[in-house]
Every structure is written in structure tokens, then in C-alpha cells.
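Okay, so here's the structure we're looking at.
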Amino acid sequence: MIIRSAEFIISAVGPKQYPEGNQPEIALAGRSNVGKSSLINKMINRKNLARTSSTPGKTQTLNFYHINESFYFVDLPGYGFAKVPKPVQAQWSKFIEQYLSKRDCLKAVLQLVDLRHPPSKEDIHMFEWLGHFGIPRIVVTTKADKISRGHWPKHQKVIRQALQLPKNVPMVLFSSETGQGKDELWGLLAPYLVG
Ligand code: GDP
């Protein structure tokens with residue numbers, strides 16, 4: 001994918017702020033700190049268009065990034081940050097749920113899971129929930145550079161089993177450090193990005 005332009009559009013706190021038009025959107029879901037911002041930056045060859053957060057859970061909005069003036073990456077609020085009060089968490093869940101279940105131009109969700117650790121309960125719940133709503137899913141295992149190559153299959157197996165990954169759901173090994181998985185991921189996204 002040749003990136004001609006990449007622009008941060010808005011941190012939306014409600015549906016009225018979502019971009020108009022009907023261009024395809026690819027959302028990213030995952031725990032705080034799993035590497036969502038880093039993945040966006042790597043995919044579009046920018047050092048820090050997407051904010052990489054040193055304070056996990058601070059991003060409580062839907063962040064829209066317009067790529068090549070033709071589609072959007074939508075960074076969802078990271079879940080699983082224990083310090084966030086329950087009512088705030090409930091509010092986010094509702095907000096995310098509305099976006100995921102009602103947004104027509106949402107074409108697929110990248111679910112990010114840290115390759116080093118088994119998926120959390122929330123990861124599993126999110127993965128099942130997306131499946132339930134029939135939203136196309138791609139699992140991206142992040143921070144692959146932190147594990148030696150020989151151990152990748154073992155870690156992928158743990159994740160595959162915990163998520164009960166169906167055969168038709170792709171899983172991509174990714175590293176924002178090395179660029180591992182970037183071309184593969186663009187290849188998987190391509191069919192969703194046509195008009
Ligand atoms: P987010 O909260 O999901 O947006 O996570 P960030 O993109 O802000 O990343 C959280 C931390 O993990 C940062 O310190 C990143 O530099 C680091 N990180 C993210 N992706 C990778 C990766 O692929 N490899 C390594 N080694 N570190 C990563």
C-alpha cells in the first residue's frame with residue numbers, strides 16, 4: 001500500500017462526530033498498551049501520527065485517521081485498564097458497542113493481542129462479541145520482536161486455542177519495531193478498502 005496522505009481527523013465522543021460520507025472504516029480493538037497506536041503508525045509510515053500512550057487507558061475516545069483520503073483507521077478505546085472506575089467503563093462499553101453494532105461503513109476489526117501473553121477475558125469476550133455481530137475479524141498478535149522466532153508457534157497456539165479461532169479468521173504476527181506482518185496485513189485489508 002502506498003501511503004499518499006494520513007491525517008488525524010477527530011477524537012469522537014459521540015456518533016454525531018463520526019466523519020460523514022461512506023468510506024470504509026477498519027477499527028482496532030485491544031487492551032490498553034497492546035500496541036494499537038504503534039501499529040497504525042507503522043502501517044502508514046509515520047513516527048507518531050497516532051499517539052502512543054505512556055498512560056494506558058487515557059484514550060477514551062474513538063480516534064479517526066483518514067488514509068489516502070479513501071478510508072479510515074478507527075482506534076477504539078483500550079479496554080482492561082483496572083484503574084478506570086466501573087461506571088466509566090460501562091459508559092465506554094456502551095459507546096464502543098454502539099459504534100461496532102451500528103456503523104455501516106465499518107468493514108473489519110483488527111483485534112490486537114500481545115503475542116507474549118494468553119488473551120485476557122476481555123480479549124476473548126470482545127472476539128466472541130464481534131463474531132456474534134458478524135463483523136469480519138483479523139487477529140493481530142503484537143510485539144513479535146519481543147519473542148524469539150522459534151517460540152512464535154507456541155505462543156500463537158495458546159492464543160488460537162484461547163480464542164477458539166475459527167479457520168476463516170486470519171491471524172497475523174506483527175511487530176511495530178521491525179515491520180514484521182505489515183505487508184501481510186495490508187494484503188488482508190485490501191478487499192475491505194475498495195469503495
Ligand atoms: P496502545 O495503548 O494500544 O495504543 O499501545 P501503544 O502503541 O501506545 O504501545 C504501548 C507500548 O508498547 C509503547 O511503549 C510502545 O513503544 C510499545 N510497543 C508497541 N508495539 C510494539 C512492538 O511491536 N514491539 C515492541 N518492542 N514494543 C512495542
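Taking other C-beta atoms within 10 Å as the exposure proxy, His117, His132 rank His132, His117 from fewest upward.
Please compute P(r) over all alpha-carbon pairs of the chain, binned at 10 Å starting from zero, and give each bin as a whole-number percent. Result, from short to long distances: 9, 39, 40, 13, 1 percent. Spatial offset of segment 1-28 relative to segment 129-152 amounts to 23 Å, using the alpha carbon center of each.
Between Gln17 and Asn45, residue separation times 0.36 nm minus the direct Cα-Cα distance comes to 7.4 nm. Maximal additional length on extending the Glu97-Phe133 stretch stands at 11.9 nm, based on 0.36 nm per residue less the C-alpha distance. A simple spin-label model places pseudo-atoms 7 Å from Cα toward Cβ; at Glu177 and Glu7 they are separated by 3.5 nm. Remark: relative contact order (segment 140-195) = 44 percent; criterion is Cα-Cα distance under 8 angstrom and separation of 6 or more residues. Placing a pseudo-label 7 Å from each Cα along the Cα-to-Cβ vector at Trp186 and Leu165 gives an inter-label distance of 2.3 nm.
Counted by Cβ distance under 14 Å from Glu20, the other residues give a net charge of -1, where Lys and Arg count +1 and Asp and Glu count -1.
The overall shape of segment 82-195 is oblate: from the C-alpha gyration tensor, with semi-axes ordered a ≥ b ≥ c, the ratio a/c is 1.5 or greater and a/b is no larger than b/c. Its relative contact order, with pairs defined as Cα atoms under 8 Å and 6+ residues apart, puts the chain at 24 percent. Got a sec? Charge dipole of the chain, +1 on Cβ for Lys and Arg, -1 for Asp and Glu; which of Asn48, Leu185, Trp152 is way out at the positive end? Result: Trp152, furthest along the dipole toward the positive end. What does DSSP give for segment 6-192 in terms of the percent of beta bridges that are antiparallel, rounded to the nearest 5? Taking every DSSP beta bridge with both residues in segment 6-192, the antiparallel ones total about 35 percent.
Lysines within cross-link reach of Lys182: Cα-Cα under 28 Å, excluding same-chain residues under 8 positions apart? Candidates past the 8-residue exclusion: Lys36, Lys42, Lys47, Lys58, Lys107, Lys121, Lys143, Lys146, Lys154, Lys157, Lys167. Ranking Ile67, Met1, Leu28 by how far each Cα lies toward the positive end of the dipole of the chain (charges on Cβ) leaves Leu28 at the top.
Magnitude of the charge dipole for the chain, about its Cα centre and with charges confined to Cβ atoms of Lys, Arg (+1) and Asp, Glu (-1), is about 580 debye.
Around Phe133, under 14 Å between beta carbons, what's the net of Lys plus Arg minus Asp minus Glu among the other residues? Summing Lys/Arg as +1 and Asp/Glu as -1 gives +1.
Values quoted throughout were computed directly from the atomic coordinates according to the rules given, and no laboratory measurement underlies them. These numbers were taken from a predicted model, which means no experiment stands behind them. Because the Cβ atoms are built from the backbone with ideal geometry, glycine has one as well, and the counts that use them run over all protein chains shown.
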